[in-house]
């Protein structure tokens with residue numbers, strides 16, 4: 001967000017409370033310190049929120065330990081009309097002020113309590129918020145001639161900004177420990193030094209913030225720095241602040257103190273401490289427009305497909321100069337196809353035969369298509385098939401007629417001499433079979449998940465012909481040499497790989513990463529069940545999953561170490577989930593063994609297939625980490 005946008009946002013929404021120690025007067029100094037891009041905005045000493053309203057971030061965590069303040073912001077965000085109705089009833093009179101001040105906010109409806117907070121703030125002396133030891137508001141009436149108690153226009157702008165934030169009531173340490181992630185921007189405006197009975201914090205809560213608390217805060221700032229967060233902190237120009245934050249840039253700013261009744265003491269010096277992430281993030285995650293060609297890739301419901309993350313992946317990759325890209329675990333093939341659409345020479349690899357078939361047809365292939373006539377001829381019986389599907393999978397996934405057609409297609413496809421036409425036809429058959437299956441997977445038999453969608457009503461023949469047409473439309477020549485490989489990532493030879501993208505199976509003790517279990521039938525089609533042994537005792541007639549080091553925590557960590565070492569001379573971009581292992585810190589440490597610069601960029605993401613998907617959980621709403629090594 002540039003400075004012009006920030007200025008505009010500030011005009012649109014400004015703090016709704018007069019706040020001792022508020023940062024409105026420092027915005028011109030603070031805004032240039034804000035990183036140009038970041039994950040989430042986090043402000044755990046929220047107070048008046050001047051910087052937040054100036055930035056109006058799209059994704060924010062705002063917090064305060066004052067429950068009355070937090071209630072006010074939550075109500076303005078979610079129940080503004082009622083708050084405004086209550087505000088309109090208040091008058092700027094001493095009688096009403098003391099009558100409202102005497103009310104216990106916790107006994108009022110939340111919206112009325114919020115309006116009370118705003119009203120008292122706008123009409124009390126100097127806009128203070130001071131409570132006694134019992135937590136009762138005790139600031140006297142301010143005697144202002146015409147305070148603006150209900151600024152509806154600004155309240156609506158503030159409400160809109162707050163709706164994009166999660167509003168939390170809690171201690172700053174707990175908030176930061178729970179929410180802060182690499183790439184986030186944290187603004188810290190703690191109670192200022194020196195500590196005294198007039199310190200800001202004591203005005204707003206029954207608690208106290210001592211010098212040892214500032215030491216603890218400085219330790220947290222260092223942890224945030226090590227984690228890869230950007231931090232900006234404000235405080236008074238006090239020797240302890242300079243001592244605690246000596247490793248970082250400290251700017252001294254001339255400010256005014258609005259609380260002091262002594263005019264000579266209203267001038268002061270604040271400091272702004274700027275803490276960059278230890279691994280400086282040069283990556284910008286602003287969504288990048290993708291070539292129209294990318295939209296030609298037939299959509300899939302493939303588990304873990306990164307179709308929704310293409311803009312973010314390209315936003316990172318595009319910041320490097322490279323000619324050859326390796327998609328090491330191609331899966332659905334969409335990332336490799338995106339690189340091809342960007343004019344790169346692509347090597348696409350996967351241990352799944354079906355994935356290699358997709359990329360053979362649409363990434364390695366640059367000009368061959370399968371005509372409608374040729375596709376229709378594949379539907380006609382030319383010679384007797386082995387009836388393998390009809391016999392082995394009878395009454396499991398498809399009707400007898402559909403099983404017979406699949407066997408006919410298998411037999412005819414095997415007889416196609418041109419390898420690209422054969423890949424197109426097999427890709428179309430795999431696509432037709434998955435689209436004819438409710439949920440597109442083979443972990444169950446029958447049709448109990450049939451939701452009546454249009455794909456399930458189409459015939460298998462129609463699905464096949466439409467799939468051929470879709471795959472044909474995805475074929476194009478980018479003028480570069482592209483290859484499709486079917487094999488173990490550990491054994492892939494790609495000596496001139498400028499950039500390697502990895503999207504391996506994610507290991508988690510809460511869910512499995514067995515692609516074969518979900519797609520064994522179509523994987524069997526792709527390899528004609530050669531080299532596998534069907535487990536006859538299983539209801540689904542699956543075959544044993546391929547061995548993978550990513551099935552245990554230690555195995556995954558060792559595999560990453562070997563892969564990072566193998567491609568130590570390439571730019572590395574790795575997708576991994578926040579609910580998977582190794583942890584982000586472990587991944588950074590492993591990558592740092594082989595790369596001088598290592599970064600992690602978190603991206604909010606929702607998986608199509610989550611653990612216990614039908615249950616009302618949030619386990620499939622996670623952050624996708626993009627680890628970058630260069």
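Would you point out the residue of region 565-579, among those that are touching a helix residue (DSSP H, G or I) at 6+ places or on another chain (Cβ under 8 Å) and not in a strand (DSSP E or B), that is modelled with the highest pLDDT?
Selected residue: 566.
Select, from 385, 332, 355, the only residue that is crowded, with 24+ Cβ neighbours inside 10 Å and either at pLDDT below 95 or touching a strand residue (DSSP E or B) at 6+ places or on another chain (Cβ under 6 Å) (or both).
Numbers: 385 fails: crowded, with 24+ Cβ neighbours inside 10 Å; 355 fails: either at pLDDT below 95 or touching a strand residue (DSSP E or B) at 6+ places or on another chain (Cβ under 6 Å) (or both).
Answer to the selection: 332.
Looking at region 172-194, which of its residues are surrounded by fewer than 18 Cβ atoms within 10 Å (Cβ to Cβ) and within 21 Å of residue 22 (Cβ to Cβ)?
If the condition is that a residue be surrounded by fewer than 18 Cβ atoms within 10 Å (Cβ to Cβ) and within 21 Å of residue 22 (Cβ to Cβ), then 194 is the only one that fits.
Determine the pairs where a residue that is without any contact (Cβ under 8 Å) to a residue 12 or more places away in the chain, located within region 218-231, has a partner that is surrounded by fewer than 21 Cβ atoms within 10 Å (Cβ to Cβ) and not in a helix (DSSP H, G or I) with Cβ atoms under 7 Å apart, the partner being 6 or more residues away or on another chain.
No pair meets every condition.
Sort out for me the helices (runs of 4 or more DSSP H) sitting completely within region 450-544 that have 1 or more residues that are outside the structural domain of residue 342 (by TED's automatic domain parsing) and in contact (Cβ under 8 Å) with a residue 60 or more places away in the chain. Write out each step before concluding.
Values: elements: 454-457, 460-474, 515-527.
Where helices (runs of 4 or more DSSP H) fall fully within region 450-544 and carry at least 1 residues being outside the structural domain of residue 342 (by TED's automatic domain parsing) and in contact (Cβ under 8 Å) with a residue 60 or more places away in the chain, they are 460-474, 515-527.
Just checking, which of 624, 614 is surrounded by 22 or more Cβ atoms within 10 Å (Cβ to Cβ) and at pLDDT below 85? Give the derivation first.
Numbers: 614 fails: surrounded by 22 or more Cβ atoms within 10 Å (Cβ to Cβ).
Only one candidate qualifies: 624.
Checking the structure you have, find out if any residue of region 120-141 is buried (at least 18 other Cβ atoms within 10 Å of the Cβ), modelled with pLDDT of 95 or more and not in a helix (DSSP H, G or I).
The answer is no; no qualifying residue exists.
I'm checking my understanding of the structure. Among residues of region 19-36 that are touching a strand residue (DSSP E or B) at 6+ places or on another chain (Cβ under 9 Å) and in a loop (DSSP other than H, G, I, E, B), which one is farthest from residue 625 (Cα to Cα)?
Going residue by residue through region 19-36, those that are touching a strand residue (DSSP E or B) at 6+ places or on another chain (Cβ under 9 Å) are 21, 23, 25-26, 29-30, 33-35.
So of that shortlist, the ones also in a loop (DSSP other than H, G, I, E, B) come out as 21, 23, 34-35.
Values: 21: 37, 23: 33, 34: 22, 35: 19 Å.
By that ranking, first place goes to 21.
Tell me, which helices (runs of 4 or more DSSP H) lie completely within region 327-381 with 2 or more residues that are more than 17 Å from residue 478 (Cβ to Cβ)?
Working: elements: 334-341, 353-359, 372-378.
Result: 353-359, 372-378.
If we scan region 585-598, do we find a residue that is within 15 Å of the chain's Cα centre (by Cα) and either modelled with pLDDT of 85 or more or under 21 Å from residue 309 (Cα atoms) (or both)? So that I can check it myself, show each step before the final result.
Filtering region 585-598 for residues within 15 Å of the chain's Cα centre (by Cα) gives none.
No, the conditions are met nowhere in region 585-598.
Hey, among 340, 360, which residue is at pLDDT 95 or above, in contact with a strand residue (DSSP E or B) (Cβ under 8 Å, 6 or more places away or on another chain) and closer than 30 Å to residue 37 by Cα? Write out each step before concluding.
Details: 360 fails: closer than 30 Å to residue 37 by Cα.
Step by step, each of 340, 360 is checked, and only 340 is at pLDDT 95 or above, in contact with a strand residue (DSSP E or B) (Cβ under 8 Å, 6 or more places away or on another chain) and closer than 30 Å to residue 37 by Cα.
So, in region 63-98, how many residues would count as being touching a residue at least 60 places away in the same chain (Cβ under 8 Å), more than 30 Å from residue 176 (Cβ to Cβ) and surrounded by fewer than 18 Cβ atoms within 10 Å (Cβ to Cβ)?
1
Kindly establish whether residue 75 is at pLDDT below 95 and in a helix (DSSP H, G or I). Show your work before the answer.
Details: at pLDDT below 95: no; in a helix (DSSP H, G or I): yes.
No: the conditions fail for residue 75.
Among the residues of region 495-507, count how many are modelled with pLDDT under 95 and either out of contact with any helix residue (DSSP H, G or I) (no Cβ under 9 Å at 6 or more places or on another chain) or loosely packed, with under 15 Cβ neighbours inside 10 Å (or both).
3
The values are calculated or read from the model by the stated rules, or taken from the named source; none is laboratory data. Remember, predicted model here, so these are calculated numbers, not experimental data. As a convention, Cβ positions derive from the backbone with ideal geometry for all residues, glycine included, and neighbour counts pool all protein chains shown.
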